[in-house]
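A short write-up of the structure that comes next.
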Amino acid sequence: MSSIVSKADAHKLIDQLPCNATWDDLMQEIYVHEAIQQGLDDSHAGRTKDVAEIRKKYGLPE
């Protein structure tokens with residue numbers, strides 16, 4: 001789910017890009033920002049699983 005973004009946050013994201021950035025670069029930054037925010041929201045809401053639990057589920061060493 002997408003979150004609401006302020007114009008100031010959008011400008012900050014754009015201002016951090018190099019002068020020769022492409023639209024693809026901008027879209028990549030937006031995607032990364034959104035993915036990180038979603039992960040933080042999930043973590044704060046308790047919607048995460050312990051690494052040990054996932055490793056056990058898939059038979060991976062700890």
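To the nearest 500 deg cm²/dmol, what mean residue ellipticity at 222 nm is calculated for the chain from DSSP H runs of n ≥ 4 alone, each contributing -39,500 (n - 2.57), summed and divided by the residues? If you can, show how the numbers build up before the last one.
Details: 3 runs with 38 residues, N = 62.
When only DSSP H runs of four or more count, the value is -19500 deg cm²/dmol.
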Nearby lysines by direct alpha-carbon distance to LYS57 (threshold 27 angstrom, same-chain neighbours under 8 apart not counted)
LYS49
Of ASN20, ILE30, TYR58, which is farthest on the positive side of the dipole of the chain, counting Cα position, with +1 on Lys and Arg Cβ, -1 on Asp and Glu Cβ, and the Cα centre as origin?
TYR58
Would you please report the Å³ per residue occupied by the convex hull of the alpha carbon atoms in the chain?
144 Å³
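Counting Lys +1, Arg +1, Asp -1, Glu -1, what net charge surrounds PRO61 among other residues with beta carbon under 15 Å of its beta carbon?
On the way: positive: ARG55, LYS56, LYS57; negative: GLU53, GLU62.
Net of charged neighbours comes to +1.
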Looking at the stretch 6-62, which trypsin sites (Lys or Arg not before Pro) are in a loop (DSSP not H, G, I, E or B) and have at most 10 other Cβ atoms within 10 Å?
ARG47, LYS49
With Cα coordinates, the longest principal axis of the chain makes an angle with the long axis of helix 23-44, in degrees rounded to 10, of 40 degrees
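Every number here is computed from the coordinates shown, using simple stated rules; none is lab data. None of the values given here were measured: they were computed from a predicted structure. Methodologically, a virtual Cβ is constructed for each residue, glycine included, from the backbone with ideal geometry; neighbour enumeration extends over all protein chains shown.
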